1. Within segment B:180-206, which residues are closer than 15 Å to B:Ala59 by Cβ and among the β-branched types (Val, Ile, Thr)?
2. Picking from A:Leu44, A:Leu32, which residue would you name as being part of a helix (DSSP H, G or I), within 14 Å of another protein chain (Cβ to nearest Cβ), among the aliphatic types (A, V, I, L, M) and more than 17 Å from A:Val331 (Cβ to Cβ)?
3. Could you tell me whether segment B:256-264 includes any residue that is within 22 Å of B:Thr179 (Cβ to Cβ), free of Cβ contacts under 8 Å to residues at least 24 places away in the same chain, open to solvent by 10 Å² or more (accessible area, probe 1.4 Å) and out of contact with any Cys (no Cβ under 7 Å at 6 or more places or on another chain)?
4. Take the residues in segment B:59-86 that are open to solvent by 20 Å² or more (accessible area, probe 1.4 Å) and in a helix (DSSP H, G or I), then tell me which one is nearest to B:Asp387 (Cα to Cα).
5. Check off (1) open to solvent by 30 Å² or more (accessible area, probe 1.4 Å); (2) charged (D, E, K, R); (3) within 30 Å of B:Val129 (Cα to Cα) for B:Glu211 and give me the number that stays unchecked.
6. Got a number for residues in segment B:116-149 being within 16 Å of B:Gln290 (Cβ to Cβ), in contact with a Phe, Trp or Tyr (Cβ under 9 Å, 6 or more places away or on another chain) and within 9 Å of another protein chain (Cβ to nearest Cβ)?
7. Name every residue in segment A:155-185 that is out of contact with any strand residue (DSSP E or B) (no Cβ under 9 Å at 6 or more places or on another chain), open to solvent by less than 50 Å² (accessible area, probe 1.4 Å) and touching a residue at least 24 places away in the same chain (Cβ under 8 Å), in order of residue number.
8. Say we look at segment B:153-172 and pick out the residues that are in contact with a Lys or Arg (Cβ under 9 Å, 6 or more places away or on another chain) and in a helix (DSSP H, G or I); which of these is farthest from the other protein chains (Cβ to nearest Cβ)?
Amino acid sequence: MKKIDKDKLLLGAAGPVLALVSAFVLTSLVLLATGVNPIEPIRLMIENAGYEDVQVLIVNQTGTYYLAALAVAIGFRMNLFNIGVDGQYRLAAMLSAVVGAAVDLPGPIQILLIVVVAMATGAFWSGIAGVLKARRGVSEVVSTIMLNAIATSLIAWLLLPKNLGVQPAGSNDLTTGDIPESGWFPAVSMGDSGEIYGFTFVAFALGVVYWFVLNRTRFGFDLRATGASESAAQASGVDAKKMILTSMLISGAVAGLAGLPTLLGDTHTYSLSFPVGVGFTGITIALLGRNHPVGIFFSALLIAFLDKASASLDQYGYAKEIATIMKGLIVIAVVVSYELVRRYGIRRQQQKVGEELAAGGAMKTEKEVAA
Amino acid sequence: MSTTTVSATSQAPKAGGGRKKLSLPWILLIVAGALALVSLVRVISGANDLTSVGQVSGALQLAVPIGLAGLGGLWAERAGVVNIGLEGMMILGTWFGAWAGYQWGPWNGVLMGVVGGALGGLLHAIITVTFNVNHIVSGVAVNILAVGMTQYLSNYTFAEAEGGSSKQSPRIDPITDITIPGLSDWMSDLQAKHWFLVSDIAGVIGGLVTELSLLTIVAVLLIPASIWVLWRTSFGLRLRSCGENPVAAESLGVNVYKYKYIAVVISGGLAGLGGAFLAIVSTGIYQEGQTGGRGYIGLAAMIFGNWMPGGMALGAGLFGFTDSLKLRGGAENVHAMLLLVGILLVLALAWQLYKKKYVQAGVAAVFAALLFLWYALTDQVPSQFVDAAPYVTTLLVLALSAQRLRMPKADGLPYRKGQGK
């Protein structure tokens, strides 16, 4: 029994390791092909990550990515591809900032209100895709792509000063107005290096909740079962349509939270410069982490490292787009190496079973002979 | 013989069974009816730009890249590979097209754009066909990689070229435009008279013969060419059989992997051509982020068109038309479109009443009333809503007709050689 677990663990680790090594080699090849020193930019990035202020940036970014990736992972477990996390995240951040700026309640209630609005907005936006999928059979991939684009337009319109937006004096930026101090989430100060957003810890706590709900509750079992085989789940009494809508709503609600570490910890307002594309990065991270809460944590950390440690590469005469190329290569390397490892695992298992069967068969014949 | 049988069955939707293939007279009648409707709206609202020569020619130019991406999606999905990497392949097309275009002339640029897109397609084929990875995941990866690669390479090419920077290329020589001299002017004059229907037809014809890029002609011809190859040759039948039932195809001796590879590489090439068109014809320059999600829109146009080239072209035309409306003085034109959509909803209402579907009729009535109210109370539509219009349209079309759409049966499903044994 112990031995099988070890095998499984080894195979599980082989995928990511193989992926990272091949992504690293491929990146070096790209750098070599363009006549750039293949090792130096990566060494510089690692050196950058040694500074404490960069580390704080990386941890904060990890929290945001972790939430976005959890949102994507919930969909994945259900065999749903929520590409719309980006739209849900932006719309939720914007509307919760509007509500947060409009009211001024005592501390915890204010924060709670912002959190609830963000979750509700994200769930509403993903719910549209969920209803379309469950009721009308519209592929969630296409509908969420459309909803992302619609969210972009909707936000641009809502942010106009004549609607909900505020234009700060002497600036071209548009914001939603500032959230009063009671709505700021307490942060962990790291001295001169900045502070770690308090919401980052909420994000990691959600990872535990995610693990518990999926693996230790009936709902989680139903969700995984429907994801593995819709018809089999339906035959055992699971309402697949309801599951589609529920998981889409939960995914959207978590996506709505993804903007909050930044909103509650740093900007305290939604402006034109609020980060975009977080949802798409979340897809990469969920894939890399194999939808497992711990795996997602380490991949979020890795991607956050690539993002933040590459920012200053330009100063040394290297293009910082190297990090984007690495991200793309990592995704490809990850999915391909997982597939290869999976095939190897299956082949190994077949061999093993074959051997055991052969051995068992031999024993049986011996018994028969003895009898 | 066998080709025609397959095409007939693939067009007939499963549900109902009473729907027949549209014949040419019907199509012409529908086109004429639509034109008359637009004309009516133009006369009522006074938005005379709705069918002007410039509007139609602009719509055509904006529709071409979307249509090429959609056609690329169609080729891949007909062979059973979902291609969400169209956007990335288009980006590769813009970059390679501009890179070769500014150095060795526009037509070499077009060629390199196709090659660049096809390389993206090849990567997608390797990941999805050989390694059997989820098609959407692979597409997302291709998109990320294309963005990173082009941005990175720009630093070492365009940034060092005269007149370029790390975000845009030097100017590319244009491809020849054709204007049919007498006809174009005559049509413009006729259109300027704003007569009911006559001016609209003149505007459409004028738009099709004024400043028409040679590459546009090539792109438009690719649609009948694709129909012919996919539905009238044995090559096309085999390719489509890989998208419908690869195991059956394999049992008949079709090399499924080969056909999937060919289809996805052609798909990438078409998306790359769309990208090259954007860089060389639409703007004459490569700019970072130039594709602006057109690959996704092309995919939407293809689904809108029920995985058929004709329908896809119609979808692309619709997207091009709304884009063009927005670019040309926008708000008023789009305001007129409210009226058009309202009238269409009233027609739908009548149809549902005739079919005795009262709930649907009620919904249509409410929306039509809201649209007319909106039309009457405002005199322009916010530009942000105009941006969203094509996406909302796609979503609505999908919501209303997704159950009638029929995608290739094995589209997006994993297939491994020897599965049929």
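1. Result: B:Val204, B:Ile205.
2. A:Leu32
3. Within segment B:256-264, not a single residue is within 22 Å of B:Thr179 (Cβ to Cβ), free of Cβ contacts under 8 Å to residues at least 24 places away in the same chain, open to solvent by 10 Å² or more (accessible area, probe 1.4 Å) and out of contact with any Cys (no Cβ under 7 Å at 6 or more places or on another chain).
4. Within segment B:59-86, the first condition is being open to solvent by 20 Å² or more (accessible area, probe 1.4 Å), and the residues that meet it are B:60-62, B:82.
Still in the running and in a helix (DSSP H, G or I): B:60-62.
Details: B:Leu60: 18, B:Gln61: 17, B:Leu62: 14 Å.
Of everything passing the filter in segment B:59-86, B:Leu62 is nearest to B:Asp387 (Cα to Cα).
5. Of everything listed in (1) open to solvent by 30 Å² or more (accessible area, probe 1.4 Å); (2) charged (D, E, K, R); (3) within 30 Å of B:Val129 (Cα to Cα), B:Glu211 misses just condition (3).
6. 3
7. Passing the criteria: A:Ile155, A:Leu158, A:Ile179, A:Pro180, A:Ser182, A:Gly183.
8. Applying the filter and picking the extreme gives B:Phe158.
The values are calculated or read from the model by the stated rules, or taken from the named source; none is laboratory data. Quick caveat, the model's predicted, so the values are computed rather than measured. Because the Cβ atoms are built from the backbone with ideal geometry, glycine has one as well, and the counts that use them run over all protein chains shown. Ligands, DNA and RNA are excluded from the accessible area calculation, which covers all protein heavy atoms including side chains. Shrake-Rupley method; radii C 1.70, N 1.55, O 1.52, S 1.80 Å.
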